[in-house]
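Comments concern the structure below.
The values are calculated or read from the model by the stated rules, or taken from the named source; none is laboratory data. Everything numeric here is computed off the predicted structure, so don't read it as measured data. Cβ coordinates were reconstructed from backbone atoms using ideal geometry, including for glycine residues, and neighbour counts include every protein chain displayed.
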Amino acid sequence: MPGRRGRSAEPSAAFGGTRNPGRLVAFSDAVFAIAVTLLVLDIRPPEDFRRLFHGLGALWPSYLAYSVTFLMIGQIWVNHHVMFDHIRVVDRLLMFLNTLLLMDVAFLPFAASVLADAFHSGHGERSAVVFYGATIELAAILFNIIWAYARHERQLLGATIDDTGARFVARRFRLAMIWIAAGMLVGAFLPLLGVAVIAAFIPAYWLPIRGELGRRGAAARGSPP
C-alpha cells in the first residue's frame, strides 16, 4: 500500500498531541542565559579595601563555584542542543520533563552559593559538595529520561540521526550520571577532591559524541568542498 512505510506525521505514542520544538528550545535558551547571569551576583567585593588583594584572594570559593557552575550550565546547554537537534516534535510529557530540567538548572546558582559559603565558613563543606553534586546529578538523570523517552521507538526523533548515533548519545548521557555520582561520593569524604572530580567532568563532556551529527553531518563531511 502506498505510504505504508512512511512515518506518521502524528506519532501514535505522543501524549496530548505533538508540536514543533522551536518555542521549547527558545524558552530553554532563555532560562540557561538567566541562570549563568545570576551566578555572578553571589560574588561580592571585599569590605576591607585596605587589604584589597588579600580580600580578593579570600574569595576563591566564590570564584571556584562560579567558574565550575558557569561551565557546567554551558555544557548542559550544549548537550540540550545535541538532543533537540534531533527531536523533530515534542509532546506534553516531553515538555513537562524539559520544564523539570530547567527548574533544576535555575536552582544551580543557589547550589553554587551554598558551596561557596560552606568553603568560606569552613563548615559543612562535605554536605555542600553532596548537595551541589545532587543538583547536577538530577539534571543528568532528567537528560537520560528525556532522551530515552524521545528515542523510544523513534516516536519523537527525526531522520537526522540513526539508531547507532542515538545509542552513542544515550551512552554519553549515562556516563554523566556515573561521573557526577562518583564526585558526590568522593566529596562526602574529601570535599575539594569531590569538586575536582565534578569539575574534571566538564572538559571530558565537551568532547564530541560519536554519531551526534547524524546523517546531515555525515553528508556534509562526505560532500566536496
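Scanning the range 81-119 for residues that are under 17 Å from residue 198 (Cα atoms) and β-branched (Val, Ile, Thr), we see that the one that is surrounded by the fewest Cβ atoms within 10 Å (Cβ to Cβ) is 114. Where the second residue is small (Gly, Ala, Ser) and assigned to a helix (DSSP H, G or I) and the first is within 17 Å of residue 78 (Cβ to Cβ) and lies in the range 19-34, which pairs have Cβ atoms under 7 Å and are six or more apart or on separate chains? Sorted first by the residue in the range 19-34, then by its partner, the pairs are 31/106.
Can you find even one residue in the range 56-71 that is in a loop (DSSP other than H, G, I, E, B) and buried (at least 21 other Cβ atoms within 10 Å of the Cβ)? Checking the range 56-71: not a single residue is in a loop (DSSP other than H, G, I, E, B) and buried (at least 21 other Cβ atoms within 10 Å of the Cβ). Residues of the range 138-182 that are in a helix (DSSP H, G or I), more than 20 Å from the chain's Cα centre (by Cα) and under 17 Å from residue 21 (Cβ atoms): 152, 154.
Considering the range 38-55, the residues that are more than 19 Å from residue 114 (Cα to Cα) and part of a helix (DSSP H, G or I) include one that is modelled with the lowest pLDDT, namely 49. Just one of the numbered conditions (1) touching a residue at least 60 places away in the same chain (Cβ under 8 Å); (2) within 19 Å of residue 71 (Cα to Cα); (3) touching a Phe, Trp or Tyr at 6+ places or on another chain (Cβ under 8 Å) is not true of residue 91: (2).
Do we have any residue at all in the range 194-212 that's outside any helix (DSSP H, G or I), modelled with pLDDT of 90 or more and among the charged types (D, E, K, R)? So far as the range 194-212 goes, no, none of its residues is outside any helix (DSSP H, G or I), modelled with pLDDT of 90 or more and among the charged types (D, E, K, R). Within the range 40-51, residues that are free of Cβ contacts under 8 Å to residues at least 60 places away in the same chain have Cβ atoms under 6 Å from residues that are not hydroxyl-bearing (Ser, Thr, Tyr) in these pairs: 46/55; 48/55, counting only partners at least 6 apart in sequence or on another chain.
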